[in-house]
Amino acid sequence: MAIGGGIQKYVVYVTFDNENFYYLVDLSKSNTDETVIVGGQEGVYPAKSCIDLNTTLKAAKTFAELGIMEESVIWKQDRVVEPV
């Protein structure tokens, strides 16, 4: 699990194999761009990927305690695609 951001906007993902990534999303938000500082650098992310603190903590607690993805939140799967 990786969590970046702060000040009420967080980007959260989980991967178990570095090929399949699951991003925490908030489907009530639009796809407009928002700026979030992740890893000390400013980045642009879809608003749906900018998660509030309570949801982030809920997902992080479940992952830290049980090693699984929190089921009460929404995850969007993305895969790493390598050129052939």
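Key figures for this structure:
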{"item": "Sole exception among (1) surrounded by 12 or more Cβ atoms within 10 Å (Cβ to Cβ); (2) of a type outside the set (S, T, N, Q); (3) in contact (Cβ under 8 Å) with a residue 40 or more places away in the chain for Phe16, by number", "result": "(3)"}
{"item": "Strands (runs of 3 or more DSSP E) (entirely within region 1-65) containing at least 2 residues that are of a type in the set (Ser, Thr, Tyr)", "result": "9-15, 20-25"}
{"item": "Number of the exception - Lys48 against (1) within 14 Å of Gly4 (Cβ to Cβ); (2) touching a strand residue (DSSP E or B) at 6+ places or on another chain (Cβ under 8 Å)", "result": "(1)"}
{"item": "Filtered residue count, region 7-22, keeping only those that are closer than 15 Å to Leu57 by Cβ and not hydroxyl-bearing (Ser, Thr, Tyr)", "result": "6"}
{"item": "Any pair with Cβ under 6 angstrom, 6 or more apart, that starts in region 62-78 at a residue that is on the phi > 0 side of the Ramachandran plot and ends at one that is of a type in the set (Phe, Trp, Tyr)", "result": "none"}
{"item": "Within region 30-45, considering residues that are of a type outside the set (A, V, I, L, M, F, W, C) and touching a Lys or Arg at 6+ places or on another chain (Cβ under 8 Å), the one modelled with the highest pLDDT", "result": "Glu34"}
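The values are calculated or read from the model by the stated rules, or taken from the named source; none is laboratory data. This one's a predicted model, so the numbers in the text were calculated from it and none came from an experiment. So basically every Cβ, Gly included, is an ideal-geometry build from the backbone, and we count neighbours across all protein chains shown.
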